[in-house]
Amino acid sequence: MPFSSKIKSKYNPKRLAVKLNAKGEQFVLQGHPWVFSNNITKINDDAKSGDLTIIFSKNKNRVVGLGLYDANSPIRIKMLHSSHDKAEINEVFFQNKIKVAFNQRQPLLKTKTNSYRLLFGENDGFPGLIADVYASVLVVKIYSEIWLPYLETIIPSLQQTSEAETVVIRLSRSLEKSKQHQLKNGDVVFGTLENEVVEFIEHGVNFSANVIKGHKTGYFLDHRANRKQVGEWSKGKKVLDVFSYAGGFSVHALYNGAKEVTSLDISKQALEIAVENGKLNEYSGKHKTIAGDAFEELKKLIKNKTTFDVVVIDPPSFAKQGSEIQLAKKKYIQLAELGEKLTDKNGLLVLASCSSRVLADEFFEINDKALAATNRRFKMVLKTQHDTDHPINFPEGAYLKCGYYRFFY
């Protein structure tokens, strides 16, 4: 079965000799995947996105790292290899990195799960590239032009490794506007896609993802282990899933015997998907939905003196840039306070954050202070991060954190 010619690039990357200042070189030697423009002291004037950068040490002419040049980002070089060992960036190099990533996912794939993240960007040595598998469909999301000259090599390797029958390309907004390629967001570049809604299994629970129109690649796989845990602790319980999106926590709770689950999201369309995902499984509980702004809807529930045995609050990123950090922290305080009021006696409150700029220690401290101020006795019973198919290999790669708080009365 042939791959679409759209993944072929007309640009033939150049090799660029690069020198960095002391700070930039130190980052490279420490294995950090980013080199910022202000760390570069010497580079070719005609450098273009996708060119291979060969980074030489400041004082000795020895190679300390290899990366890809990104003309459109302040992170000017995205590292591929940082080592004293020689490496040739070619088809075999990428195949080996994909094989290593796939082997790391094997423990997860031995469970009743056929959806996983095969490549997690920088953390797997592919900065700006994500590859998610949903059953027999591989979705590759590209965030940077640096990968355009290499797709013809990488995508077949990803397809062969995952044994996917269909490959879909998703593009970031900036890449959609780029004129350096023929791709369109949602292009099927291998196989056929009869339905853009793809069904898959997560720890024995059935779900679906819209791989063409859904957020990111269609679904959020990083919370998989947390969804499983919440489900196991929801038997016979009344559960509230705030910022529910496609109902990940809700469906696991229903599957595991929750008596009543309420999914709350601002998107009516997302709630419809949550309900449909629930129906892919057998359950006896009641599934309710609330469409509206989470902060306002939670206040209404509190006013009506509604409480739940399990409350899950998993908001979108509140701090996408540095200037938003303080506001994000205030919102986390608010959500912890609202969540506590909605959590019944001896109930469980689950608070999550996916804002990478709010560090895990800061997030947990915010929650501890907010909950301590309520004068209710509580205990953090579990603290988690990303699931196993989202390995963390550099500090900025860690964005997800989740705390489970059990109240004693």
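The values are calculated or read from the model by the stated rules, or taken from the named source; none is laboratory data. As the structure is a prediction and not an experimental result, all values here were calculated from the model. Every residue, glycine as well, gets a Cβ built from its backbone with ideal geometry; the counts of neighbours run over all protein chains shown. To get the accessible areas, we keep the full protein, side chains included, count just its heavy atoms, and leave off ligands, DNA and RNA. Shrake-Rupley method; radii C 1.70, N 1.55, O 1.52, S 1.80 Å.
Things to note:
- Residue in the range 142-158 that is modelled with pLDDT under 95 and assigned to a loop (DSSP other than H, G, I, E, B) present: no
- Residue count for the range 251-282 satisfying the condition of being over 20 Å from His215 (Cα atoms) and in a strand (DSSP E or B): 3.
- Residue list for the range 191-217, filter: farther than 14 Å from Val133 by Cα and in contact with a Leu (Cβ under 7 Å, 6 or more places away or on another chain): Asn206
- Residue pairs whose Cβ atoms lie under 7 Å apart, sitting 6 or more positions apart in sequence or on different chains, and linking a residue in the range 75-96 that is touching a residue at least 40 places away in the same chain (Cβ under 8 Å) to a partner that is open to solvent by 60 Å² or more (accessible area, probe 1.4 Å) and in a strand (DSSP E or B), are Ile75/Phe36; Arg76/Phe36.
- The range 202-236, subset of a type in the set (A, V, I, L, M) and in a helix (DSSP H, G or I), residue farthest from the chain's Cα centre (by Cα): Val230
- Qualifying residue in the range 148-156 (condition: open to solvent by 10 Å² or more (accessible area, probe 1.4 Å), under 20 Å from the mean Cα position of the chain (by Cα) and of a type outside the set (Ser, Thr, Tyr)): no
- Those strands (runs of 3 or more DSSP E) of the range 61-137 in which at least 3 residues are in contact with a helix residue (DSSP H, G or I) (Cβ under 6 Å, 6 or more places away or on another chain) and farther than 24 Å from Val188 by Cβ, considering only elements entirely within it, cover 63-69.
- Pick from the range 159-190, criterion in a helix (DSSP H, G or I) and within 25 Å of Asn103 (Cα to Cα), ranking: most open to solvent (accessible area, probe 1.4 Å): Gln160
- Residue match in the range 91-103 (condition: open to solvent by 20 Å² or more (accessible area, probe 1.4 Å), basic (Lys, Arg) and at pLDDT below 95): no
- Test: Glu199 is open to solvent by 10 Å² or more (accessible area, probe 1.4 Å), over 20 Å from Gly339 (Cβ atoms) and assigned to a strand (DSSP E or B): yes
- Restricting the range 10-48 to residues that are under 27 Å from the mean Cα position of the chain (by Cα) and part of a loop (DSSP other than H, G, I, E, B), the residue that is farthest from Gln159 (Cα to Cα): Gln30
- Residue in the range 223-246 that is within 17 Å of Cys354 (Cβ to Cβ), in contact with a Phe, Trp or Tyr (Cβ under 8 Å, 6 or more places away or on another chain), aromatic (Phe, Trp, Tyr) and open to solvent by 50 Å² or more (accessible area, probe 1.4 Å) present: no
- Residue count for the range 260-275, restricted to those that are touching a strand residue (DSSP E or B) at 6+ places or on another chain (Cβ under 6 Å) and closer than 21 Å to Ile302 by Cα: 5
- Answer residue from the range 55-85, given it is over 12 Å from Pro33 (Cβ atoms) and of a type in the set (Lys, Arg) and is most open to solvent (accessible area, probe 1.4 Å) among those: Lys60
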